[in-house]
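Take a look at the structure below.
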Amino acid sequence: MQLNLSEAHKILGDFGEIHHSHLPPGVYDQVNEYKSRFASKFKSTHITNLASMQGNTYYASLKLDGEHAHLWWDDQYEIPMLVRHRGYAYFGLPILEKAAAILRKKGIKKALIPGELYVRKPDYERTRVFDVISLTKAPKSQTDLEMLSFAPFDILELDGQYFDDFGEVWQAILALFQGTEIEPPPMLITKDKTEILTYFERWVNEYNAEGLMVRSDLTFRYKLKAKFTIDAAILGYTEDQGKVTSLLTGLMHNDGQYQVCAHVYKRIPDDLAVSLYKQLSKRHVPSEYYEMSSFYVPFHMVKPETVIEFSTTDMVPERSNGMPVKKAVLDYEKKEGYTLTKTSPFANLAHCEFVRIREDKAPN
């Protein structure tokens with residue numbers, strides 16, 4: 001039995017993508033449900049919060065910066081695919097043929113295996129999701145396609161077998177793929193949280209990896225990432241009893257318009273919250289655009305004159321349903337204030353914390 005690829009979009013040679021509706025019933029439903037039920041439930045946090053993680057045994061794996069996808073194999077259909085929650089499946093990649101050969105050799109007739117499509121680099125040198133996008137959307141040669149690899153990190157189905165315990169999942173992954181070109185990400189299994197810190201120092205701080213994905217035997221899930229900082233203009237604020245409680249920030253495009261960026265309300269010192277209120281309350285401007293704070297209070301929009309530095313641990317460009325995050329782009333004129341020009345794909349930023357006022361920078 002073969003899948004009908006007549007409606008597929010061919011990209012280069014045998015490589016292409018096809019809409020999920022052409023796959024057997026139920027395959028995409030499992031992929032989509034996994035994204036909303038499991039993958040989106042990882043709590044993003046910083047390594048300094050290690051002590052608050054709950055569990056007895058921890059499984060800490062290297063987070064590869066690529067595209068989340070599910071290896072789908074059914075020997076009835078003969079064509080291995082990578083099914084993505086965005087609604088399409090890749091076929092014809094060299095790494096897929098290698099995966100099919102491994103599964104055939106192991107006698108596996110049916111499998112659905114979550115993992116990461118990424119660009120393989122020496123010694124796990126950091127790969128980027130835009131590397132994957134470049135090679136899948138506009139590959140120039142077969143050599144480009146051969147750079148793409150797949151790292152399995154979970155199992156949804158394996159010949160009708162389902163797993164509840166992640167320890168069993170990991171043993172099954174190793175039995176299938178350890179020592180092959182379908183290599184799972186490096187994994188630390190430990191009961192000692194200080195070993196996770198050492199692992200983080202090695203991979204994230206020393207080798208510049210994106211972070212660690214940590215599961216515990218108590219079903220808690222964590223995404224450990226390094227902090228990075230952003231300089232952004234203050235576009236608005238909320239207040240309570242003469243103190244700023246939250247800041248609306250924005251980044252300037254080349255055309256001078258402001259991309260709404262993030263809400264910052266953590267770690268604003270009390271004395272600064274008072275002085276900021278005194279400054280910002282004198283800078284109110286009209287706005288046809290309104291945004292609510294995380295506490296459901298509308299922001300007062302102000303002249304974009306002050307720049308702050310804040311830290312974040314994560315930037316997520318899509319929602320749990322796979323749809324892109326979109327945020328407002330505002331035009332600012334001194335007399336008319338803010339007008340909404342469009343919404344643009346952006347990202348939700350996690351754990352934003354105030355660092356300092358950047359008096360040395362202008363909003364540009």
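Couple of notes before you dig in:
- For the chain, the per residue solvent-accessible surface stands at 49 Å², with DNA, RNA and ligands left out and a 1.4 Å probe.
- Prolate/oblate/rounded label for region 117-260 (Cα gyration tensor, a/c 1.5): oblate
- Spin-label model distance (nm) - R128 vs E353, 7 Å beyond Cα toward Cβ: 2.6
- Nonpolar atom fraction for the chain, defined as the carbon and sulfur part of the 1.4 Å probe accessible area, stands at 49 percent.
- Between S36 and D75, the simple spin-label model (points 7 angstrom out along Cα→Cβ) gives 3.4 nm.
- Given K227/K327; K105/K225; K98/K140; K43/K278; K43/K327; K303/K342, the pairs whose alpha carbons are separated by over 30 Å: K105/K225; K43/K278
- Annotation: region 235-364 has a Kirkwood hydrodynamic radius of 15.2 angstrom, from the mean reciprocal C-alpha pair distance.
- Global form of region 296-364, assessed from the alpha-carbon gyration tensor, a/c cut-off 1.5: oblate
- Over the residues of the chain, the helix contribution to mean residue ellipticity at 222 nm works out to -5500 deg cm²/dmol, using -39500 (n - 2.57) for each DSSP H run of at least 4.
- Each residue, E168 and N49, gets one label point 7 Å from its Cα in the Cβ direction; the gap between the two is 3.1 nm.
- Residues whose amide H falls under 5 Å from that of T127, counting only those 5 or more places apart or on a different chain, are D65, with hydrogens built in the peptide plane.
- Estimated vicinal HN-Hα couplings, Hz - region 63-72 in sequence order (Karplus 6.51, -1.76, 1.60; Gly, Pro = x): 8, 8, 8, x, 10, 5, 7, 10, 6, 10
- Radius 11 Å from Cβ of E288, net charge of other residues (Lys, Arg +1; Asp, Glu -1): -2
- Set of aspartates and glutamates near K193 by C-alpha distance (under 14 Å), chain-local residues within fewer than 8 positions excluded: E201, D217
- Prolate/oblate/rounded call for the chain, Cα gyration tensor, a/c under 1.5 rounded: prolate
- The relative contact order of region 37-173, computed from alpha carbon pairs under 8 Å that lie at least 6 residues apart in sequence, is 23 percent.
- Taken one residue at a time, the phi angles of region 96-107 give Karplus couplings (6.51, -1.76, 1.60, θ = phi - 60°) of 5, 5, 5, 5, 4, 5, 5, 5, 4, 4, 7, x Hz. Gly and Pro are set to x.
- Under Karplus coefficients 6.51, -1.76 and 1.60, residue-wise ³J(HN,Hα) of region 245-261 in Hz, glycine/proline x: 10, 7, 10, 9, 10, x, 10, 8, 6, 4, 8, x, 7, 9, 8, 4, 10
The values are calculated or read from the model by the stated rules, or taken from the named source; none is laboratory data. Since we're looking at a predicted model, the values are computed, not measured. Cβ atoms come from the backbone with ideal geometry, glycine included; neighbour counts cover every protein chain shown. The area values use the complete protein model at the heavy-atom level, side chains included, leaving out ligands, DNA and RNA. Shrake-Rupley method; radii C 1.70, N 1.55, O 1.52, S 1.80 Å.
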